[in-house]
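The values are calculated or read from the model by the stated rules, or taken from the named source; none is laboratory data. All values derive from a computational prediction rather than experimental measurement. Here the Cβ positions follow ideal geometry from the backbone for every residue, glycine too, while neighbour counts run over all protein chains shown.
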Amino acid sequence: MLTNLHVKNLALIEEADINFFDGLNIMTGETGAGKSIILGSVNIALGGKVTADIIRKGAEYALTELAFHIDDKKKIAALKDMDIEELLKEGPSLTLTPEAAPELPAEEKKAEPKVYEEEQYLTEEEKKQVDAFVEQIQLEDSTSILQYGAGTQKKMSDFSEGTLEKVRSKDLGEIGDLLNGVVVELKGFDEEEEKGIVGFFKKKASKAQTLKLRYSKAEGSIDQICEKLEGHQVQLLKDSAMLDQLYDLNKVYFRELTMYILAGKKKLEKETNEVLPALRKKAQETGSQEDAQEVNDREALCNRFEKKIHDLELTRMVSLQMAPQIRMVQASDITMSEKIQSTLVNTIPLWKSQMIIALGVEHSREAAEAQRKVTDLTNDLLKKNAEKLKTATIETAKESERGIIDMETLVATNESLMSTIDEVMKIQQEGREKRREAEGKLVELEDELKQKLLSQSK
């Protein structure tokens with residue numbers, strides 16, 4: 001289990017020690033307190049590759065250390081077997097059996113005058129190992145020819161297959177999809193509101209409120225995406241560090257194969273220039289069938305050994321090709337990690353700051369709009385009140401200048417009165433005339449009545 005984490009000069013942390021205990025360990029703190037840095041330091045200590053800008057400002061270096069406690073002996077042995085660093089420490093070595101390398105003699109063999117191309121890849125110490133190993137090669141043993149360099153070939157084969165499997169299993173498409181998801185969310189934030197009949201019947205809300213809702217939705221989705229991207233970034237950094245180790249291990253295999261090839265070529269040269277001529281001379285001198293057969297057998301062994309060296313050269317070419325392939329995969333990991341870092345550090349904060357500015361602008365616009373409406377209302381009220389005041393003042397002035405009775409009323413009244421008097425006088429005149437006629441008629445009626453009465457009395 002992890003027992004201690006030591007961090008120094010990393011980001012905002014000057015120096016810190018964190019002890020871990022059995023059971024659940026919880027780290028809490030406010031945003032910006034350094035929780036992510038602590039977790040990131042663990043990944044760095046486990047092999048994650050980082051850039052120099054992670055070093056604390058003003059410091060010359062940064063340091064992360066992990067302390068583990070392991071009780072299980074099987075796990076300890078398994079870790080030792082899996083430890084690439086141990087393989088790197090071992091360096092290149094030569095053996096006639098793939099299981100274990102024999103101890104090389106301490107004496108140094110005198111170098112051959114011939115210069116081989118393979119020697120340029122080796123150090124002086126490795127050249128000494130090659131010269132000493134040449135004396136151990138026994139072509140008389142068919143098994144030794146079969147097993148020559150087989151251990152390194154097998155390790156190289158397993159290494160190539162393992163590296164290829166890592167490349168096969170690496171899915172960078174998901175990272176691309178996540179980055180595209182960020183773009184989709186940011187574009188979706190800026191979508192226009194629905195227009196037409198549908199938009200007309202929808203409840204209208206303030207644009208600032210709409211922006212806040214869109215911002216909350218987009219921010220939630222982006223936070224989830226960023227969490228996944230951070231996980232991928234950590235894995236990419238760990239893979240990059242692992243590829244560095246694989247690259248160094250491939251160099252070890254390359255040098256080891258080069259040493260086998262060089263030792264084989266030197267052995268073949270010695271056989272061609274010394275052993276075979278001696279055997280041929282002996283066979284010619286003795287004329288023995290056995291000696292002649294020995295020459296043929298030796299030549300056949302040399303041919304087999306030459307083919308074996310050729311196979312090793314092919315394997316070494318595979319190792320040589322592995323180096324740029326590893327670097328290409330590593331470059332892809334680093335490039336994708338940088339894209340993720342740019343998105344997390346630049347794109348997302350920039351979008352959030354622009355969102356804050358957009359909300360501020362919208363608040364200012366709404367305040368200005370409200371102020372404009374208040375001003376317009378005030379002006380309208382003043383205009384209406386002024387118009388009413390004008391009308392009332394004029395009406396009051398007119399009323400104050402009027403008499404109790406208008407002249408037009410007096411004229412109309414007088415005309416009506418005169419017309420009435422005329423009518424009354426006309427009616428009275430007609431009445432008088434009618435009365436005079438009635439009086440004459442009454443006298444006639446009275447005379448008629450008298451005459452009638454008188455006529456009856458006679």
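Quick notes on this one:
- Residue in the stretch 409-427 that is outside any helix (DSSP H, G or I), over 60 Å from the mean Cα position of the chain (by Cα) and modelled with pLDDT under 85 present: no
- The residues listed here are Arg432, Arg436, Arg372; of these, the one that is modelled with pLDDT of 80 or more, part of a helix (DSSP H, G or I) and under 60 Å from the mean Cα position of the chain (by Cα) is Arg372.
- Qualifying residue in the stretch 221-234 (condition: at pLDDT 80 or above and either in a helix (DSSP H, G or I) or among the polar types (S, T, N, Q) (or both)): yes
- First in the stretch 403-431 and on the phi < 0 side of the Ramachandran plot and surrounded by 10 or more Cβ atoms within 10 Å (Cβ to Cβ), second anywhere and modelled with pLDDT of 90 or more and not aliphatic (A, V, I, L, M), Cβ under 8 Å, 6 or more apart: none
- In the stretch 223-280, the residues that are surrounded by fewer than 19 Cβ atoms within 10 Å (Cβ to Cβ), within 30 Å of Asp297 (Cβ to Cβ) and among the small types (Gly, Ala, Ser): Ala278
- Ile334 vs. criteria closer than 26 Å to Leu243 by Cβ, in contact with a Lys or Arg (Cβ under 9 Å, 6 or more places away or on another chain), assigned by TED's automatic domain parsing to the domain that holds Glu230 and at pLDDT below 90: yes
- Answer from Thr343, Thr378 - the residue that is assigned to a helix (DSSP H, G or I), surrounded by 16 or more Cβ atoms within 10 Å (Cβ to Cβ) and of a type in the set (Ser, Thr, Tyr): Thr343
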